[in-house]
Amino acid sequence: YMKQNQLVIFVTSFEDSLDCEKYFELSFLKYWPDCPYKLYLANNAAGHSKYSGQFSVVSASRSDWKGETYSQLMTIKEHHPECSHVLMMLDDFVFGSTVNTSMISAVQDLACRNELNYVRLRKVESSFIGSLFLKKDDSGLCLVSQRHPYYSSLQCAIWKIDHVLELLDLCSSIWNFE
């Protein structure tokens with residue numbers, strides 16, 4: 001269903017967290033060496049020559065997280081019109097085990113086949129009682145209620161780019177986005 005070039009890895013970052021990027025990159029290269037997707041490091045700082053070159057840098061003028069992220073996603077859309085989805089991560093994530101690339105591809109296909117706007121790549125946070133009410137489908141996915149306190153999360157997730165852009169239009173900051 002979804003072709004490999006329809007998904008890119010989008011790692012959000014900013015100038016004040018350049019130290020985090022180093023650890024992100026080291027863990028990424030160690031635990032996902034067979035990553036078949038284009039990698040974008042989003043930042044508002046000029047010059048990233050200390051990185052391996054595995055990441056393409058997509059820059060935005062320094063403003064706020066919302067404005068920078070919106071601008072960076074628009075740049076990706078302009079340069080890769082075939083790209084419809086991003087696997088979005090923050091730069092302070094550190095991988096601790098090998099990424100199962102075939103599992104990511106399967107989730108990517110599932111998202112495309114079912115026209116899903118957002119697929120978290122981790123469990124929905126809920127109490128034991130709350131977890132009894134999560135409605136799961138045959139694939140094990142569950143619908144996150146719009147009343148869930150973290151309806152959209154910045155944990156690792158596959159997003160339709162246009163959906164992220166719509167949500168960014170509605171929020172005022174990174175904290176309102178979640």
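The values are calculated or read from the model by the stated rules, or taken from the named source; none is laboratory data. Since this is a predicted model, take the numbers as computed values, not measurements. Because the Cβ atoms are built from the backbone with ideal geometry, glycine has one as well, and the counts that use them run over all protein chains shown. To get the accessible areas, we keep the full protein, side chains included, count just its heavy atoms, and leave off ligands, DNA and RNA. Shrake-Rupley method; radii C 1.70, N 1.55, O 1.52, S 1.80 Å.
Hey, does the stretch 117-128 have a residue that's out of contact with any Pro (no Cβ under 8 Å at 6 or more places or on another chain), modelled with pLDDT under 85, more than 17 Å from Gln6 (Cβ to Cβ) and in a helix (DSSP H, G or I)? Yes, the stretch 117-128 has at least one match.
Taking strands (runs of 3 or more DSSP E) as the structural unit, those lying wholly within the stretch 34-95 and holding at least 1 residues that are of a type in the set (S, T, N, Q), at pLDDT below 90 and more than 20 Å from Cys112 (Cα to Cα) correspond to 38-43, 56-59. Screening Cys112 against (1) at pLDDT 85 or above; (2) open to solvent by less than 50 Å² (accessible area, probe 1.4 Å) leaves a single unmet condition, (1).
Is one or more of the residues making up the stretch 140-151 modelled with pLDDT under 85 and either assigned to a helix (DSSP H, G or I) or under 26 Å from Asp34 (Cβ atoms) (or both)?
yes
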